[in-house]
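Structure first, commentary second.
The values are calculated or read from the model by the stated rules, or taken from the named source; none is laboratory data. Given the structure is predicted, the values throughout are model-derived calculations rather than measurements. Cβ placement follows ideal geometry from the backbone for every residue including glycine, while neighbour counts extend to all protein chains displayed. Surface areas here come from the heavy atoms of the whole protein model, side chains and all, with no ligands, DNA or RNA. Shrake-Rupley method; radii C 1.70, N 1.55, O 1.52, S 1.80 Å.
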Amino acid sequence: MNKIDVILGLQWGDEGKGKIVDYLATSYDIVARFQGGPNAGHTLKFDGNKYVLHTVPSGIFRENLINLIGNGVVLDPIVFQKELRSLEASKVMFHSRLLVSKKAHLILPTHRWLDAASEAHKGKAKIGSTLKGIGPTYMDKTGRNGIRVGDIASPDFMERYNALKNKHLELLKIYPAIDFNLDKEEAEWFDSLSALTALQVVDCEYYINDALNTGKRILAEGAQGSMLDIDFGTYPFVTSSNTITAGVCTGLGVAPQRIGRVIGITKAYCTRVGSGPFPSELLDEVGNKLREIGNEFGSTTGRPRRCGWIDIPQLKYTIMLNGVTELCMTKIDVLNAFESIGIANAYNYGGIETEIVPFDLNMNDMQSVMEMLPGWNCPLDSASQYEDLPEAALHFIRTLENHRGVRFTMTSTGPEREKLIVR
Ligand code: GDP
Ligand code: IMO
Ligand code: MG
């Protein structure tokens, strides 16, 4: 049976999914996003240029490749139109190759307004949302109030839009006042709908199953990371969708037995942007050095990312949840300048050492049990094969593999497309 392969992040997002999807895309006919929305920022670097994609799948720069936005995605037409314009400016011919599911939900201007108001209301307890309207849109989806891409063509579209908007305006009364120019945002929103409706709007579930049945090779591109999953992440400091492999089934309409390779991506260290627990976080000079060398600033919001060492219990947990069949390590080059490199092997809380990710990672007495490995202290530019890597880097990779029995089949040594060692 022809199967769909999956690439997703095993940490708190920004693992370098965009780069790896772009690299692997030439081996596929279709790349499909299955969840999330413009909270994602996927960076691609090639031919001296840098591109950041938010809604558009990362296969868009590969000629002839179909890029599909699945039903599990929430789409903001304004952000989407901006992305399409910048693709046009880069002379990327996408019109016949970019497809959108009829069942993808629309982010309304008032969803963004609600997101900002809800975060303001939470004060210190805020999630640190990207404020793209993700939470409120998924709430309307599960609350059965949402508006979908396919609804734009419906004769009662305006009626439904106004009903939902008015509901939002009522809700906003319970929140602190936020500066928001609704008239301006609305005008821009309606104007941007034409860019969306000019594309092929499809029944994603039929499209993808027909494609599988006719032998097409499909790659599903995750957004965010497994530790931000609505069910299994560090709740409530998570996003509002299922970011794990299971999300591919519901976000595209494919059955579980159709899932093939699952490539889990981890940075060589760990980052998180926004609030929430982060046991191996480094709040010292070492953390600052990781941020500086790794250029750890959000692709979507520009916020500085929190940095820390790689976390083994967390990786084991997300490998388990996703059914990861192979691993990819990104940003190993960032560790070139470190004398020693940390690995968090376990957690210690209440005096008990464990590898289990606890129900509440927020506990105050939670600590990581650290092991320090020697660094390699040299650039990796000359390594084109796995065996060329310095012994200390190989030791670092092997030590991580020992913990789980899944192999690293790819190691990324720089942001550029070609900086990838495939084993
Ligand atoms: P995504 O959201 O998972 O696609 O990741 P982001 O694009 O938000 O963040 C990853 C950042 O790391 C981007 O700036 C990439 O250009 C960069 N990057 C990806 N792989 C590597 C790598 O191997 N080394 C270095 N130094 N940077 C990388
Ligand atoms: P990519 O796909 C990193 C984080 C936010 C916040 C929490 C909830 O680029 O890896 P939301 O906007 O969903 O309400 O935010 O999730 N977050 C991300 N962090 N990478 C992302 O996407 C993220 N998308 C959301 O910072 O803590
Ligand atoms: Mg990102």
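Would you call Ala346 crowded, with 21+ Cβ neighbours inside 10 Å and either more than 16 Å from ligand 1 (Cβ to nearest atom) or among the small types (Gly, Ala, Ser) (or both)?
On the way: crowded, with 21+ Cβ neighbours inside 10 Å: no; either more than 16 Å from ligand 1 (Cβ to nearest atom) or among the small types (Gly, Ala, Ser) (or both): yes.
So Ala346 does not fit the description; no.
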For residues that are open to solvent by less than 10 Å² (accessible area, probe 1.4 Å) and away from ligand 2 (no atom under 11 Å from the Cβ), scanning just the range 22-56, find the one that is farthest from Asp203 (Cα to Cα).
Leu44
Which numbered condition in (1) assigned to a helix (DSSP H, G or I); (2) within 15 Å of the chain's Cα centre (by Cα) is the only one that Lys184 fails?
(2)
Check whether at least one residue in the range 325-340 is open to solvent by 30 Å² or more (accessible area, probe 1.4 Å), at positive phi and either in contact (Cβ under 8 Å) with a residue 60 or more places away in the chain or among the hydrophobic types (A, V, I, L, M, F, W, C) (or both), and report yes or no.
yes
Restricting attention to the range 109-118, does a residue exist that is modelled with pLDDT of 95 or more and open to solvent by 50 Å² or more (accessible area, probe 1.4 Å)?
no
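Results for (1) touching a residue at least 12 places away in the same chain (Cβ under 8 Å); (2) within 21 Å of the chain's Cα centre (by Cα); (3) assigned to a helix (DSSP H, G or I), shown as yes or no for each residue.
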| position | (1), (2), (3) |
| --- | --- |
| His95 | yes, no, no |
| Arg112 | yes, yes, yes |
| Lys132 | yes, yes, no |
| Tyr138 | yes, yes, yes |
Collect the residues in the range 48-69 that are more than 19 Å from the chain's Cα centre (by Cα) and among the polar types (S, T, N, Q), keeping them in residue-number order.
Asn49, Asn64
Might you check whether a residue that is more than 20 Å from Glu355 (Cβ to Cβ), in a helix (DSSP H, G or I) and open to solvent by 30 Å² or more (accessible area, probe 1.4 Å) occurs anywhere in the range 264-283?
no
